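Worksheet: the structure to be examined is printed underneath.
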Amino acid sequence: MTAEQPYMLEARDISKKFPGVLALDRVNMACRGGEIHALVGENGAGKSTLIKVLMGVHPPDDGEIFVQGKKVNIRNAAEARWKYGIDSVFQDTTLVPSLTVAENIFLGQERDFYVRGLISRARLRTKAQEILSEIISDAGIRMPDSDKLIRDLSLAERKIVAIGKAVASKARLIILDEVTALFSMDQIRALFKMLAELKKKNITTIFITHRLKEVFEICDRATVLKDGKYVDTVDIQDISTTDLIRMMTGRESGLFFPPRAKKPPSKSVVTLKGIAKHGILDDICLDLYEGEILALAGLRGQGQAELLQILYGLQKYDEGEIFIRGEKVGIKKPIDAIQHGVVYLSDDKDEELMFTLSVQKNLALPTLEKRSKMGFVQRRTEKAASEKVVAEFSIKIASLKQEMSNLSGGNKQKVALGRWIPATPQIFLLNEPTQGLDVGVKIEVYQLMRRLADEGRSLIVTLTEMAEILNLPDRILVMGDKRIKTVFSAEEATEEKILHAALG
Ligand SMILES: Nc1ncnc2c1ncn2[C@@H]1O[C@H](COP(=O)(O)OP(=O)(O)OP(=O)(O)O)[C@@H](O)[C@H]1O
Ligand SMILES: [Mg+2]
């Protein structure tokens, strides 16, 4: 980089301390104009903190930021956006649930839409369509209807709106923190096409993801963080996946899966007969056996999540019967499911974790009743049980007293899953249990799932990554057109067969 061509953005020696954690320790990052720059590292490495410093959300304790060679002091996200042309989609997206898509996109720019003292909704909508169609729909990204409220959208759709909002702000640098975790294959395709278009316009992207495949597919360079420290910045074409993983983890490791159990399926634990929900699921019949991991695969949005939610009493079904251990059961509310030993992990961590409570309280919630004696909670056992889960699952926290909202994205996910372990339920319904987890933690989660199965518990999991589908479960159920298309045993499944079943 020559003196005439300064970096679009440069962060030098950035440090940021939170109570009990040095989240960033003299970190550097420098982005060229028009490049797609990956920011990678394990859960808790400091990625989200760095971008919040760049966006002015967290003031750094130390260090300097330069935008096009000029030293800047970014005080808040609005300033980053309007003064310096930097916009971002945070991991914990900050859209307003009670506003519409169009209102969210132009939040802070309402001034441009006043007609006789009132916001013109028509203009807002037209402008939203106009700006978004320019880049977003050209790439094939389907924007949700601009009059819809954010709270009525799926998590993936919310991310799409947030991306639309960043593009609409005409930023020169767009930061995407873990946006693809819940995207379908075609949404990822479309996003990559859009990023390529932005690149042509010399717009820079900082792309945070745990899927290294994505890094190798679209990124030009990568900056690696480990434990809050800067490791290096590398050209993607000069490096292999193994090297990148070694830089991130300090270990030599690929993705690997625990061996499956050898024993054939015996007892059916859950039987579904003709479960239907109009417009969403049709005639679902299946058995879940003791000690097995059953994967729900197929394109996203074919009713997989709804099926899990029906089993957990979060959604109603119109037809069919549910049997648990041979007994016909009515599941109308989650408490009915819990009483039958069924637990559910949502793909939306925000939905089920109590963010204002401590980590310890969150870990303790599922077993609260068990540990209460004559109305008093046994604090000592609560602490001991929580410590055990934290250790067993290597959850990265400063202390058990730490507020849940302060954990890194991946560590929130670990708490969401880990808190069920002491509660010993028999049937686990896991909706995207590995999203947002780094390679090392993914392996821990695979091992945990297999251990649960080996102990005789049964798991139904929705998975989207092909490597996981092929290597983790005992059986794979491919869904499409609201139905079960095919069921494969682990031995007979191949990528071609699964894709063929999903698309055919
Ligand atoms: N507001 C906060 N208060 C206290 N600690 C925080 C806060 N935000 C982040 N941390 C801590 O800082 C460290 C870095 O977190 P950060 O969210 O930046 O990680 P990350 O690299 O984005 O991880 P992930 O891949 O899991 O999203 C973690 O130990 C986290 O618990
Ligand atoms: Mg993060």
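Read the figures in this text as sums done on the coordinates, not as results from a lab. Just so we're clear, the structure is a prediction, and the values are computed from it rather than from any experiment. Glycine also receives a Cβ, built like all others from the backbone with ideal geometry; neighbour counts cover every protein chain displayed.
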5 Å binning of all Cα-Cα separations within region 1-81, expressed as whole percents from 0 upward: 3, 15, 25, 26, 18, 9, 2, 1, 0
Least to most buried among LEU437, LEU429, LEU452, LEU499 (fewest other Cβ within 10 Å first): LEU499, LEU452, LEU437, LEU429
Region 9-249: radius of gyration over Cα atoms, expressed as a fraction of 2.2 N^0.38 Å: 1.01
Ascending count of other beta-carbon atoms within 10 Å, so fewest first, for ASP282, ASP62: ASP62, ASP282
Positive dipole terminus of region 152-303, leading residue within PHE257, PHE216, GLY164 (C-beta point charges): GLY164
Computed label-point distance, nm, for sites LYS193 and LYS273 using a 7 Å Cα→Cβ extension: 4.7 nm
Principal axes of region 54-104: Cα extent on each, largest first, Å: 37, 21, 15
Where N is the number of residues in region 248-312, Cα Rg divided by 2.2 N^0.38 Å: 1.54
Gyration tensor (Cα) of the chain, equivalent ellipsoid semi-axes in angstrom: 39, 27, 24
For region 9-249, size of Cβ-based charge dipole, Lys and Arg +1, Asp and Glu -1, in debye: 680 debye
Interchain or long-range residues, amide H under 5 Å from THR486's placed H: VAL478
Which of ALA337, PRO19, SER408, positive extreme of dipole for the chain (C-beta unit charges): PRO19
DSSP-defined beta bridges in the chain - what % are antiparallel, rounded to 5: 55 percent
Nonlocal amide H pairs with ILE175, under 5 Å, H built at 1.01 Å: ASP87, SER88, VAL89, ILE206
Contour minus Cα-Cα distance for GLU403 and ARG483 (0.36 nm per residue): 24.7 nm
Reachable aspartates and glutamates, given that their alpha-carbon falls under 15 Å from the alpha-carbon of LYS328 and they are not under 8 places away in the same chain: ASP287, GLU319, ASP336
Top positive-direction residue, dipole computed over region 268-503 with Cβ charges, set GLY298, VAL390, CYS285: VAL390
Neighbour-count ranking [beta-carbon atoms within 10 angstrom, fewest first] of GLU110, GLU157, GLU197, GLU178: GLU110, GLU197, GLU157, GLU178
Cα long-axis angle, helix 185-200 against the chain (0 to 90 degrees, to the nearest 10): 10 degrees
Cross-link partners of LYS52 among lysines (Cα-Cα below 20 Å; sequence separation of 8 or more within a chain): LYS16, LYS17, LYS70, LYS71, LYS83, LYS159, LYS165, LYS170, LYS226, LYS229, LYS396, LYS412
Whole-angstrom gap from region 404-442 to region 247-315, using each part's C-alpha centre: 16 Å
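Relative to the Cα centre, what is the charge dipole magnitude of region 268-503, using +1 at the beta carbon of each Lys and Arg, -1 at the beta carbon of each Asp and Glu, and rounding to the nearest 20 debye? Please report the intermediate quantities before stating the final value.
Details: 31 positive and 34 negative charges, 244 e Å.
Computed about the Cα centre, the dipole is about 1180 debye.
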From phi via Karplus (6.51, -1.76, 1.60), per-residue ³J(HN,Hα) for region 318-328 in Hz, x at Gly/Pro: 8, 9, x, 9, 10, 10, 10, 6, x, 9, 6
Relative contact order computed over the chain (Cα-Cα under 8 Å; 6+ residues apart), in percent: 16 percent
Within the chain, helix-based [θ] at 222 nm, where runs of 4 or more DSSP H residues each add -39,500 (n - 2.57), nearest 500: -9000 deg cm²/dmol
Calculated diffusion of region 268-503, Stokes-Einstein form, Kirkwood radius summed over Cα pairs, 20 °C and 1.002 mPa s, µm²/s: 116 µm²/s
Check: the chain dipole with +1 on Lys, Arg Cβ and -1 on Asp, Glu Cβ, in debye: 1260 debye
